[in-house]
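To keep things clear, I will list the structure first and then write my remarks on it.
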């Protein structure tokens, strides 16, 4: 089903970010008698003049992200290089979140006043490259704009509270209770028990995502729904052993169509980019609340 990609992030936000972080990401803090506190920051706004209330150190934010995502302990794919990938001058006044590292999202972030950008797909997936041409322009946009980049890949797929897969389940009103799809001993995917009809699940997903592709070869009322954001190719072979009859993911290779027919599985694809917005947004919103900073999602309308 095809719809315009515009406003996708706003649709998705309303399903769980309002309840977690208030309207427009607004945060609240109680004040003591005689204690003055600044007004709570809201998402997508930038302070006109940084002050003690709307500034934090880069080290504070990096330390928090490292601990929250278990960066040091979590083994990711080569090339992910999770953590701080590019530094700034050491001060942060606005947080940004984006799915992908790239010149265009970097320029959009800088234009929006972001000086700490959290991404899911970091800068170094292509390995060592000469800093020329587009690669140079990518770094130049960050350095000129004094914008730091923090990357978190599999840790923000797998996280049991702010991960992409747990939040995908939450969008559908399901509770992800059981992990699967283990990578170096760490569970990446999550499984939720379900009582909704397959048609109800698909209708809800089509409200949230601009492109939903369904392979309906499994039960009309799925019992166990697996969630694997982004690419689900590594998850499909593990579904039967995990007792999963329906997989909700971002994208799949063509070969899995026959596999789904033969093994009576439902496979539902909602887009790689679209299913991996959630973790970076959740981490950014959590940081904004803790350090009383504004934050903004940098959307690039990626249809893939």
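Looking at (1) within 16 Å of residue 118 (Cα to Cα); (2) in contact with a helix residue (DSSP H, G or I) (Cβ under 6 Å, 6 or more places away or on another chain), can you tell me which one residue 153 breaks? Single failed check for residue 153: (2). So, in region 106-160, exactly how many residues are assigned to a loop (DSSP other than H, G, I, E, B) and either free of Cβ contacts under 8 Å to residues at least 60 places away in the same chain or more than 21 Å from residue 281 (Cα to Cα) (or both)? Residues that pass the stated criteria total 15. Residues of region 64-80 that are free of Cβ contacts under 8 Å to residues at least 40 places away in the same chain and in a helix (DSSP H, G or I): 66, 67. Which of the residues that make up region 97-116 are touching a helix residue (DSSP H, G or I) at 6+ places or on another chain (Cβ under 7 Å) and either more than 17 Å from residue 150 (Cβ to Cβ) or surrounded by fewer than 21 Cβ atoms within 10 Å (Cβ to Cβ) (or both)? Once the filter is applied, which keeps residues that are touching a helix residue (DSSP H, G or I) at 6+ places or on another chain (Cβ under 7 Å) and either more than 17 Å from residue 150 (Cβ to Cβ) or surrounded by fewer than 21 Cβ atoms within 10 Å (Cβ to Cβ) (or both), region 97-116 yields 102, 103, 107, 110. Within region 222-243, the set of residues being surrounded by fewer than 17 Cβ atoms within 10 Å (Cβ to Cβ), in contact with a helix residue (DSSP H, G or I) (Cβ under 7 Å, 6 or more places away or on another chain) and under 13 Å from residue 264 (Cα atoms) comprises 240 only. Cβ-Cβ contacts under 6 Å between residues 6 or more apart (or on different chains), taken from a first residue in region 161-174 that is touching a residue at least 12 places away in the same chain (Cβ under 8 Å) and not assigned by TED's automatic domain parsing to the domain that holds residue 69 to a second residue that is in a helix (DSSP H, G or I) and surrounded by fewer than 21 Cβ atoms within 10 Å (Cβ to Cβ), are listed as 170/16; 171/15; 172/204.
Restricting 241, 260 to those that are assigned by TED's automatic domain parsing to the domain that holds residue 196, within 21 Å of residue 189 (Cβ to Cβ), free of Cβ contacts under 8 Å to residues at least 12 places away in the same chain and outside any loop (DSSP other than H, G, I, E, B) reduces the list to 241.
The values are calculated or read from the model by the stated rules, or taken from the named source; none is laboratory data. Since the model is a prediction, treat every value here as computed from it, not as a measurement. Heads up, the Cβs are rebuilt from the backbone with ideal geometry, glycines too, and the neighbour counts pull from every protein chain shown.
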